[in-house]
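Shown next, in structure tokens, is the structure this report addresses.
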Amino acid sequence: MSILIQHTTAITLDAEDRVLEDVDILIEGKTISALGTALPRPADAEIIDGRERVALPGFFNAHTHAAMTLERGWAEDLPFDRWLNEKIWVAESAMEAEDVYWGAALACCEMLRSGTVAFADHYFWMDNVARAVEEAGMKANLAWCQFGLGLEQEVGGVSLEETIAFVRRWHGAAEGRIRCVLGPHSPYMCPPDFLRRVADAAAALDVGVHLHVAESDEQVANSLTAHGKTPVAHLAALGLFDRPTIAAHCIAVNDADIAILAEKGVHVAHTPKTYLKLAMGMASLPRLLTGGVSVALGTDGPASNSDLNMLEVLRLTGLYHKNALRRPEAFPRTQILRLATQAGAEAMGFSGSGVLAPGHPADLILLDTQSPHWFPRHDLAAGVVYASHPSDVSHVIVDGRLLLRDGELLTLDEERIRYEAERRAFRMVGAPMRPMRRYRG
């Protein structure tokens, strides 16, 4: 089966930042095989009319908690400590394994509808997230969150050994669309001995790690008191960064931390909407990038930022950091697009995605540019970053397979998913609950 997109405008994000008008894109199997004008039509090709549409690489959401769709709107207008201690880590005591499937399936619907083709997920009962990803046809990097504080403080009472078994079951599954890593929660929750065990297990499995790092000055101060090192230096000393690592947030980092992150090749996930909504302070994206750190954009979970809309993350990234630097020329539109596509793909282990060019994976999206907010169409890349809406996303293609066609989801029963997810969310927060653990910074 092949797909031929005809007469579209392509934001390639190639090395020359080419924007090609009135071009065809031919997809054969899982790969873009040609990009040019008047391409011959294969006999088995599905034709997509690309007129009035812009094609670009799909988004790779570098950090989220997909099944937290079930907690959307449950913990509002609270500081971070109360958000965890009074709401999130309480509600999750009543969460059931099947809840995670429906919450993740709902997330897949939402992400596909806003142009996301892959996501790095960090949560619980990850077999059920993997199941949702496989059915949706998306790509994902999956980490089963662990605290290492005793089974009574783990959701579902799951041990590290059980999460290792999950990695062995699912890493490379779904024809390579699913990759798995280990998921210690953070250096401020996980004891050092547990983090060493995770590092050793990741090395034995030949996989990476995904965790939260340096979210506040308080966490840094507590780490210095407990370990004599910043969270970043502490993790490096324990060997966590010797494996491919996604380090979410890194809000409170100094120059020495940035040097460690760059030297170790750590991928930092930047999720600006959560920082703004929880008033956490903004991670210094300019300092990280200038220091040579690989940074990718993400949404974080819907309990903290309310949605999974990478188009909004693009916009917030540009608007916030331009203003903070007082430099409107900072963070040009194609740089922001790369942080949401190529950088995320690299962080998740899907190298090659994020470019529209022959030989690259066919992970791409089409946006309809006929709504009033696009006009006049002087610069379509600027339109994507600063004006587009999820409703503009008309087609999503992952590994050469159509998952969204003319706004219709092809792999997921959205009506049933909405019903089941809401029913289970209300059951969860209406059930007897207990605090599972306590955040102390």
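Hey, can you tell me all the residues within the stretch 124-172 that are farther than 30 Å from Ala362 by Cα and of a type in the set (S, T, N, Q)? Gln146, Gln153, Ser159, Thr163 - these are the residues of the stretch 124-172 that are farther than 30 Å from Ala362 by Cα and of a type in the set (S, T, N, Q). When Leu78, Leu39, Leu13 are checked against the criterion of being assigned by TED's automatic domain parsing to the domain that holds His378 and under 30 Å from Ala247 (Cα atoms), Leu13 stands alone in meeting it. Looking across the stretch 261-311, just one residue is free of Cβ contacts under 8 Å to residues at least 24 places away in the same chain and buried (at least 18 other Cβ atoms within 10 Å of the Cβ), and that is Leu289.
The values are calculated or read from the model by the stated rules, or taken from the named source; none is laboratory data. Computed from a prediction, not measured in an experiment: that's the story for all the values here. All Cβ positions, glycine included, derive from the backbone under ideal geometry; neighbour counts span all protein chains shown.
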